[in-house]
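For reference, the structure is listed below as structure tokens.
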Amino acid sequence: QVQLVESGGGLVQPGGSLRLSCAASGFTFSMYYMRWYRQAPEKERELVATISNGGNSTNYADSVKGRFTISRDNAKSTVYLQMMNVKPEDTAVYYCNVLLMRRVYWGQGTLVTVSS
């Protein structure tokens with residue numbers, strides 16, 4: 001079965017850095033685009049970043065452009081989100097996501113809290 005397991009969240013000070021990981025299994029990882037979403041308290045889930053199956057094409061929400069980097073290691077079936085210069089408004093639960101056969105799969109999420 002498809003599994004997505006996020007890790008790497010925690011408490012970080014404004015201006016700091018954090019790297020999130022999402023380990024995937026149960027499907028041919030290298031064939032699919034992967035996405036990171038986030039959901040802040042009392043807000044709707046929003047798309048943060050997308051990476052193509054080969055990793056050579058990426059897209060970002062305007063709010064994180066220039067600060068976050070999405071990448072992947074197809075040999076490890078893992079997608080990453082490098083977060084730099086984080087801000088309090090980046091506080092959210094971060095989820096990875098894949099669309100397979102017209103069905104969307106989500107991980108359990110990892111909480112990132114940006115606070116001094």
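The values are calculated or read from the model by the stated rules, or taken from the named source; none is laboratory data. In this text, all values refer to a predicted model and were calculated from it rather than measured experimentally. Don't worry about glycine lacking a Cβ; one is built from the backbone with ideal geometry, like all the others, and counts go over all protein chains shown. Heads up: the accessible areas ignore ligands, DNA and RNA and are worked out on the full protein's heavy atoms, side chains in. Shrake-Rupley method; radii C 1.70, N 1.55, O 1.52, S 1.80 Å.
Overall, the accessible surface of the chain at a probe of 1.4 angstrom is composed of carbon and sulfur to the extent of 47 percent.
Taking every protein chain into account, the accessible area of the chain amounts to 55 square angstrom per residue (probe 1.4 Å). The stretch between TRP106 and SER71, if pulled fully straight at 0.36 nm per residue, gains 10.8 nm over its current Cα-Cα span.
Within the straight-line cut-off of under 16 Å between alpha carbons, the aspartates and glutamates reachable from LYS43 are GLU89, ASP90, sequence neighbours fewer than 8 places apart in one chain being disregarded.
Sites listed here are GluC sites (Glu not before Pro) in region 1-83 whose DSSP assignment is loop and whose Cβ has at most 13 other Cβ atoms within 10 Å: GLU42, GLU44.
Here the chain is scanned for trypsin sites (Lys or Arg not before Pro) in DSSP loops (not H, G, I, E, B) that have at most 11 other Cβ atoms within 10 Å, and the longest stretch holding none of them is 1-42. Label reach from LYS43 (point 7 Å along Cα→C-beta): in region 101-116, amide nitrogens under 12 Å belong to 114.
Placing +1 on the Cβ of every Lys and Arg and -1 on the Cβ of every Asp and Glu, with nothing else charged, gives the chain a dipole about its Cα centre of roughly 240 debye. Whole-percent P(r), the chain, all Cα pairs, 5 Å bins from 0: 2, 12, 24, 26, 19, 10, 5, 1, 0.
Between TYR33 and ASN85, the FRET efficiency estimated from the beta carbon spacing at R0 = 25 angstrom works out to 0.45.
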